[in-house]
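Here's the structure, in structure tokens; my notes come after.
The values are calculated or read from the model by the stated rules, or taken from the named source; none is laboratory data. Computed from a prediction, not measured in an experiment: that's the story for all the values here. As a convention, Cβ positions derive from the backbone with ideal geometry for all residues, glycine included, and neighbour counts pool all protein chains shown. We work out accessible area using only protein heavy atoms, side chains counted, and drop any ligands, DNA or RNA first. Shrake-Rupley method; radii C 1.70, N 1.55, O 1.52, S 1.80 Å.
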Amino acid sequence: MDQDQPSARPAWRVSNKTPSLQEVNRTIPIPKTMGFWRKLLAFSGPGYLVAVGYMDPGNWATDLAGGSAFGYSLLCVILLSNLMAILLQSLSARLGIATGRDLAQACRDHYSKPVAISLWVLCEIAICACDLAEVIGSAIALNLLFKLPLIWGVCITALDVVAVMYLQNKGFRYIEALVVTLIVIIGLCFLAEIVFSKPSFAGVMGGFVPKLEVIRDPKMLYIAIVILGATVMPHNLYLHSAIVQTRKYEQNAAGKAEAIKFATLDSTLALTFALFINAAILIMAAATFHAHGQHDVAEIQDAYKLLSPVLSVPIASAIFALALLASGQNSTLTGTLAGQIVMEGFLNLRLRPWLRRLITRLIAIIPAVIATALYGESGTAKLLIFSQVVLSLQLSFAVIPLILFTNDRRKMGEFVNSGWIKLLAWFTASIIVALNVKYLLDFCGITDWFMRLVR
């Protein structure tokens, strides 16, 4: 049967009786009499929480590696990844608003229990990988700024759960305000770094043009896949579908249509800003390191040490570390929320809010502590880049259910994806799957074996 044809069969295997993020669900009012700009302001916030995941420390390591090794060439991958992110996050918001379910709840209510549990485990692996990057990034920043040992930095960063609990009790708008403030700090820092590094305008513009070389060169493809994994994050799809429901829009067709329009606009604007941050990191690396013959700067610590001497700007390194700290703290805040949403959604747990957050935080933070203790400062770059590869490999297991759900008229009603959105969504999923398969074949040596065979 075609997905778009109505059926007597129920849309969901089981009904959903618990709203997503119950303590803040529908707590932010949207007055009916507001004009366009005030309404956009009222709906703005969730997109910026999502955008945080697209500028986290994992992106820093990948963008530094890509910029120093290949100059501006991989800017096209950042642009493509960001366009994919804009599309997928709009689908995530649409799912949450149209169905009243976040993506985790939708998976739980649609799939059998074994499948749902498997998807939960895969999602927790992705969150652990993401947290590894965020926590290590914050710990590195604390080490660079205050000479604090990495392991202590990791433990301090783990306390962000307390900040989330405090701010969420005061109101969800306080969390959004803190996140936006930290994003502004990151943006200002990188605006300064771009001014200091004086990149080639022609080189930057040329970098945004797609090149076949990205696919042909295994080293470049590896970094491209890592950038994809660092940009389009699985847990952000779960997060966005939940936090759009903090707005108290009308629960009718007109109210939901308006909420979808403003939520999509909010996330598009926020992710455009994230594109600037990601591109700025790679451009800075290309203009500062690649242009001066330093093609192997992948460690954040190396970038910090080299920035001021290479640019002859004493404060360049300190600004870089400050932006890293703001990025890491921002990412751990939203990562904590995403962990809570995923565990509650898939497992339908009934625990006290503080206990839920503590459990979800420990699941994600313990691997980060162990990895930092085992590998220390020397292995942080490899850990950061490897964490993004893990994220990229997990991405299909969040993207494909999201597309299936939002393409299903029985689930979405009049808010089902239009034909051209369906086409774009499956094209995006195909790129993600194809890049990951190509990477795995290269990583396992199968590509080289096959090429020798055909010769």
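For Lys256, Lys32, the ranking by accessible surface with the largest value first comes to Lys32, Lys256, using a 1.4 Å probe. Here is how the number arises for the chain: DSSP H runs of 4 or more residues each give -39500 (n - 2.57), the sum is divided by the residue count, and the result at 222 nm is -25500 deg cm²/dmol.
Look at where the Cα atoms of the stretch 256-314 and of the stretch 152-207 average out, and the two centres are 11 Å apart.
How much net charge surrounds Asp56 when only other residues with a Cβ under 12 Å from its Cβ are counted (Lys, Arg +1; Asp, Glu -1)?
Values: positive: none; negative: Asp63, Asp131, Glu134.
Local net charge: -3.
Which shape class applies to the chain: rounded if a/c is under 1.5, otherwise prolate when a/b exceeds b/c and oblate if not, where a ≥ b ≥ c are the square roots of the Cα gyration tensor eigenvalues? It comes out prolate by the Cα gyration axes. Calculated accessible area for the chain comes out at 41 Å² per residue, all protein chains present (probe 1.4 Å; ligands, DNA, RNA ignored). Taken about its Cα centre, the chain carries a charge dipole of about 1300 debye when Lys and Arg each add +1 at the Cβ and Asp and Glu each add -1 at the Cβ. In this simple spin-label approximation, Phe201 and Ser112 carry label points 7 Å from Cα along the Cα→Cβ vector, and these lie 6.1 nm apart.
Solvent exposure of Tyr174, expressed as accessible area, is near 120 Å², computed with a probe of 1.4 Å over the protein chains only. Residues Leu306, Leu182, Leu324, Leu159, sorted by accessible area with the largest first, give Leu159, Leu306, Leu182, Leu324 [1.4 Å probe; ligands and nucleic acids excluded]. Listed by chain and number, the lysines whose C-alpha is less than 17 Å from the C-alpha of Lys211, apart from same-chain residues fewer than 8 away, are Lys219, Lys438.
How would the stretch 33-127 be classified by its alpha-carbon gyration tensor: rounded, prolate or oblate, with rounded meaning a/c under 1.5 and the a/b versus b/c comparison settling the rest? Verdict is oblate for the stretch 33-127. Bridgeable lysines around Lys248 (alpha carbons under 23 Å apart, same-chain partners fewer than 8 residues away excluded): Lys17, Lys32, Lys39, Lys170, Lys256, Lys261, Lys411. Judged by the ratio a/c of the largest to the smallest principal axis of the C-alpha gyration tensor, the stretch 93-243 counts as oblate, that ratio being 1.5 or greater while a/b is no larger than b/c.
Computed over protein heavy atoms with a 1.4 Å probe, the carbon and sulfur contribution to the accessible area of the chain reaches 69%.
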